[in-house]
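So the structure is just underneath, and the comments pick up after that.
Nothing in this text is a laboratory measurement; each read-out follows from the coordinates by a stated rule. Given the structure is predicted, the values throughout are model-derived calculations rather than measurements. FYI the Cβ positions are ideal-geometry reconstructions off the backbone, even for glycines, and counts take in every protein chain you see.
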């Protein structure tokens with residue numbers, strides 16, 4: 001797949017040191033035609049599956065395949081509507097698969113996705129994978145973990161340091177595959193403006209669970225996406241690698257054609 005020169009993209013996934021199978025999944029997509037690209041933008045997403053009998057791998061794959069299908073084949077709707085429709089389609093796809101394969105009951109997945117369109121960021125998110133943004137030199141998470149320990153931190157029952165080492169830190173409160181009439185995902189309320197030099201980071205908890213926000217931000221700010229991906233995965237493995245590890249990094253470059261689209 002050809003990637004336009006206005007971005008620098010790198011990604012890396014690793015099974016880690018303990019698990020025998022990688023249940024993480026990621027995707028990146030931008031339309032080949034300039035007309036379609038101008039209308040749709042580019043999609044980047046990451047998913048961390050869970051469930052026995054290979055259910056996690058199936059769930060994460062189903063989710064991102066569904067999201068990608070809506071992005072590719074959807075109607076004339078904008079990025080926000082595409083993400084909402086994509087997450088709903090992913091939920092239906094997973095639940096339908098469980099219905100026909102009852103031995104996979106309980107499988108599910110996180111899903112964190114972003115669409116970059118005409119210089120703006122739109123996102124959808126469920127679970128505890130994360131989207132970070134480096135903007136004008138400041139690095140911070142955009143999404144909030146849907147996890148039990150994060151709920152306890154928000155309520156004041158745990159400190160962030162206690163949460164980092166809590167026995168139930170991997171217990172999710174929301175995920176695709178949870179039986180619900182609606183997808184309890186978070187979506188961006190407003191488009192987030194981006195600037196040349198900004199960078200997005202999408203990471204599963206196999207990375208951010210052992211590498212701090214400050215450490216991730218320092219590497220992303222000072223290294224190429226390719227080198228930062230490899231350094232981050234290596235660090236996570238040095239610190240145990242108890243889970244699958246996946247990261248995608250996309251940095252915006254200066255591009256005159258992009259500026260023309262933003263001004264139009």
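Gyration tensor over the Cα atoms of the chain: the corresponding equivalent ellipsoid has semi-axes (square roots of 5 times the eigenvalues, largest first) of 28, 23, 17 Å.
Quick check: from the Cα gyration tensor, does the range 168-222 come out rounded (a/c under 1.5), prolate or oblate? Walk me through the numbers before you get to the answer.
Values: a/c = 3.87, a/b = 1.37, b/c = 2.82.
Note, shape of the range 168-222 comes out oblate.
Cβ crowding within 10 Å ranks 61, 82, 222 as 222, 61, 82, fewest other Cβ atoms first.
Ordered by packing density, taken as the mean number of other Cβ atoms within 10 Å over each peptide's residues, highest first, how do 239-245, 23-29 rank? Provide the component values of the computation, followed by the final result.
On the way: 239-245: 20.3, 23-29: 22.3.
In decreasing order of mean packing, 239-245, 23-29 become 23-29, 239-245.
Counting other Cβ atoms within 10 Å as a rough exposure proxy, the listed residues 187, 87 run 187, 87 from fewest neighbours to most.
For residue 190 and residue 8, compute 0.36 nm times the residue count separating them, minus their Cα-Cα distance, and round to one decimal in nm. Numbers along the way, then the final one.
Values: separation 182, 0.36 × 182 = 65.52 nm, distance 2.47 nm.
63.1 nm is the gain from fully extending residue 190 to residue 8.
When a/c reaches 1.5 or more, the comparison of a/b and b/c decides; with that in mind, is the range 51-120 rounded, prolate or oblate per its Cα gyration tensor? Note, shape of the range 51-120 comes out prolate. Across the range 86-105, the residues whose backbone nitrogen lies under 18 Å from the label position 7 Å along the beta-carbon direction of residue 182 are 86-92.
Sum -39500 (n - 2.57) across every DSSP H segment of at least 4 residues in the chain, then divide by the residue count to get the 222 nm mean residue ellipticity, nearest 500. Write out the running numbers ahead of the final one.
Numbers: 9 runs with 97 residues, N = 264.
Here the helix-only value at 222 nm equals -11000 deg cm²/dmol.
The alpha carbons of the range 1-79 occupy a box of 44, 27, 16 Å along the principal axes, longest dimension given first.
Here r is the Cβ-Cβ distance between residue 155 and residue 215 and R0 is 30 Å; the resulting FRET efficiency, rounded to 0.05, is 0.65.
Below 8 Å, C-alpha to C-alpha, sequence gap of six or more: please give me the relative contact order for the chain in percent.
On the way: 561 pairs, mean separation 70.2, N = 264.
Taking the mean separation of contacting Cα pairs over the length of the chain, I get 27 percent.
Note on residue 20 and residue 95: their simple-model spin labels are 3.3 nm apart, each label 7 Å out from Cα toward Cβ.
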